[in-house]
Amino acid sequence: MDTPATRTRIIVLGGGISGLLAAWYLRQRGHEVEVWEATSTIGGWAQTLAWPGPQGEPGWLERGPQGLRVSRNGALARLLLELDLEARPAGSKGPRWLGRGGRRHPGPTTLAGLLGAPGLSLGDKLRLLAEPLIPAGNDPGETLQAFFARRLGGGFARELLPALVGGVLAAPPDRIGLEALPRLRQLEARGGLLLGGLRLGAERTRLLPGGTGSLARTLAERLGCVRTETSARSLEALPAGRWRVHGEGIAAEVDAVVVALPASQATSLLAPVSPKAADLLEGIPRLDLRVWHSRHAPVPGWERGFSLLVHPPEGHGLLGAVAFAGDDPRGVPGLLQVRTYLGGAFPVAPGLEAWPGVFAELRRWLPELPEAVQVREEVCPGAFPLLAPGHGGRVTQLLTALPPSLHWVGAARFGPGLPELAEGLEAWAQARLR
Ligand SMILES: Cc1cc2nc3c(=O)[nH]c(=O)nc-3n(C[C@H](O)[C@H](O)[C@H](O)COP(=O)(O)OP(=O)(O)OC[C@H]3O[C@@H](n4cnc5c(N)ncnc54)[C@H](O)[C@@H]3O)c2cc1C
């Protein structure tokens with residue numbers, strides 16, 4: 001750890017994974033840090049919530065990520081090591097499907113799956129194989145749609161990409177800029193998706209023994225400076241670039257403030273002290289997700305779980321579903337646990353507002369799925385920022401508009417994925433808060 005010339009007292013607002021990571025990396029640089037979290041629990045979306053089984057058996061659900069994408073030598077891999085958190089491989093997965101043309105097909109996540117994927121002509125498949133020969137692009141405003149069309153061909157971008165992107169980022173690929181998945185640029189710089197992937201090492205999904213939420217819990221325990229039920233209400237600029245942060249019945253004077261809040265809360269805090277930054281933040285679209293968790297009798301062949309992504313216009317708002325493997329310690333023994341997600345940037349058909357409609361739509365793709373024995377809905381308002389093409393320019397303007405010693409971090413800056421947040425926040429803290 002390199003110690004700063006002067007020890008700086010910093011307050012981080014928001015005890016979601018962004019705020020906790022920011023605090024962790026700042027602490028490593030020798031700063032004195034405190035985190036304020038408005039609710040009684042830390043972790044924000046990245047929480048593992050108790051959901052007992054039908055007989056009261058212990059069981060859990062993930063509010064956000066079901067697993068962690070960890071790449072060798074990535075910031076998340078380093079963090080898990082520092083925290084002594086042993087993440088086990090997700091194990092061999094059960095079937096992966098793509099719902100397209102009214103039925104499901106093997107998912108295009110392997111070369112064999114790709115070559116057998118629905119809707120691709122022979123020319124489209126040959127074009128996929130030419131990917132290593134495609135030169136790197138340099139358009140900073142490129143959309144995911146244009147990037148994949150350039151690298152893998154128009155057939156892939158038209159027929160398969162909408163389901164893959166909709167299922168991960170909850171929006172169509174022509175509305176998302178490359179900033180949302182910075183790893184794609186890295187792969188391209190290393191020779192393309194295929195060769196770059198081989199060179200950089202594939203990302204592997206890992207599971208933490210106590211669920212994804214144990215990452216936030218461990219960070220908070222190790223930091224020992226997280227105040228829960230402490231909501232930031234306003235910011236007051238003091239002389240010499242210092243700040244006073246006001247909460248309910250509490251105030252703190254600090255050298256710097258890090259705002260790690262969802263955009264709506266960040267906007268209202270920033271508006272009085274930096275109207276331009278607040279305006280720019282307000283302009284970043286936010287997507288609402290609806291998530292249904294359900295438990296069912298087991299289905300032969302799905303013991304290792306499954307994943308389904310649906311070509312967005314065909315799902316009427318249903319983007320996909322994913323199941324725990326039967327031996328996942330978070331599930332209830334003897335039951336299949338499924339998470340179904342809807343919405344984001346896609347309109348949800350009126351019939352899919354409640355579970356019976358969602359279940360009927362699921363059965364269209366998964367006819368084997370038995371009636372649920374337990375169902376729970378978790379709505380996720382504003383869960384995902386939409387990083388539209390040109391988002392990087394907006395972020396630069398926003399950072400320039402912020403007054404000295406006031407910082408803004410989070411999913412709308414670095415991308416919503418946990419690996420992107422870890423990567424972005426580690427680099428940000430190393431660059432000494434710029
Ligand atoms: C259903 C779903 C599935 C997802 N799946 C994946 C996945 O598979 N892989 C992946 O990498 N990512 C996934 N994500 C995204 C990821 O979980 C989020 O991008 C990430 O957790 C956001 O963290 P954050 O800290 O930026 O924001 P948040 O989690 O929103 O945390 C912000 C925190 O600030 C607190 N707060 C609000 N106002 C105040 C205030 N005034 N003062 C103090 N505190 C305040 C909130 O209570 C909250 O705890 C998923 C998200 C959802 C919702």
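The values are calculated or read from the model by the stated rules, or taken from the named source; none is laboratory data. Please read these numbers as outputs of a predicted model, since none were measured by experiment. Because the Cβ atoms are built from the backbone with ideal geometry, glycine has one as well, and the counts that use them run over all protein chains shown. Only protein heavy atoms, including side chains, enter the accessible area calculation; ligands, DNA and RNA are left aside. Shrake-Rupley method; radii C 1.70, N 1.55, O 1.52, S 1.80 Å.
Summary table below
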| item | result |
| --- | --- |
| Per DSSP, loop GluC sites (Glu not before Pro) in the range 211-277 with at most 12 further Cβ within 10 Å | Glu229, Glu248 |
| Residue-averaged [θ]222 nm for the chain, counting only DSSP H segments that reach four residues, each worth -39500 (n - 2.57) | -9000 deg cm²/dmol |
| Kirkwood-Stokes translational diffusion coefficient of the range 1-128, alpha-carbon pairs, 10 °C, 1.306 mPa s, µm²/s | 82 µm²/s |
| The chain: Cα Rg divided by the 2.2 N^0.38 Å rule of thumb | 1.00 |
| Low-density loop positions, GluC sites (Glu not before Pro), the range 327-401 - DSSP coil, at most 14 other Cβ in 10 Å | Glu353, Glu368, Glu371 |
| Per-selection metrics, the range 326-380 (Cα): Rg and Dmax in Å | 12.6, 36 |
| Accessible surface of the range 1-96 [probe 1.4 Å, protein heavy atoms]: carbon and sulfur percent | 53 percent |
| Accessible surface of Thr205 - all protein chains present, 1.4 Å probe, nearest 10 Å² | 50 Å² |
| Given charges at beta-carbon only (K, R positive; D, E negative), |dipole| of the range 349-434 in Debye | 500 debye |
| Accessible area in the full protein assembly, largest first, 1.4 Å probe, for Lys276, Lys93 | Lys276, Lys93 |
| Gyration tensor (alpha-carbon) shape descriptor, the range 363-434, a/c threshold 1.5 | prolate |
| Share antiparallel - DSSP beta bridges, the chain, percent rounded to 5 | 70 percent |
| The range 206-285, dipole about Cα centre (Lys/Arg Cβ +1, Asp/Glu Cβ -1), debye to the nearest 20 | 260 debye |
| Radius of gyration and Dmax over the Cα atoms of the range 68-179, both given in Å | 16.6, 49 |
| Candidates Asp288, Asp255, Asp139, ranked by Gaussian network fluctuation over the chain, Cα under 10 Å, top entry | Asp139 |
| Candidates Ala401, Ala87, Ala266, ranked by Gaussian network fluctuation over the chain, Cα under 10 Å, top entry | Ala401 |
| Charge-dipole axis of the chain as Lys and Arg at +1 and Asp and Glu at -1 on Cβ define it, positive-most pick from Phe346, His311, Gln145 | Gln145 |
| Projected-area average for the range 251-339 over all orientations - Cα convex hull basis, square nanometres | 10.4 nm² |
| Mean shadow area of the range 393-434 over all directions, Cα convex hull, nm² | 2.9 nm² |
| Debye intensity ratio I(q)/I(0), log10, the range 291-425, q values 0.12, 0.13 Å⁻¹ (C-alpha model) | -0.62, -0.69 |
| Stretch gain in nm, segment Leu49-Arg88, where the contour uses 0.36 nm per residue and the Cα spacing is subtracted | 12.1 nm |
| Extent along principal axes [Cα atoms of the range 226-272; Å; largest to smallest] | 28, 22, 17 |
| For the range 170-302, the fraction of alpha-carbon pairs in successive 10 Å shells from zero, as % | 8, 20, 27, 28, 13, 3, 0 |
| Electrostatic dipole magnitude of the chain [Cβ: Lys, Arg +1; Asp, Glu -1; Cα centre; debye, to 20] | 860 debye |
| Rough spin-label spacing in nm, given labels placed 7 Å along Cα→Cβ, for Leu81 and Arg158 | 4.6 nm |
| Surface accessible to a 1.4 Å probe, Thr143 within the full protein complex, Å² | 30 Å² |
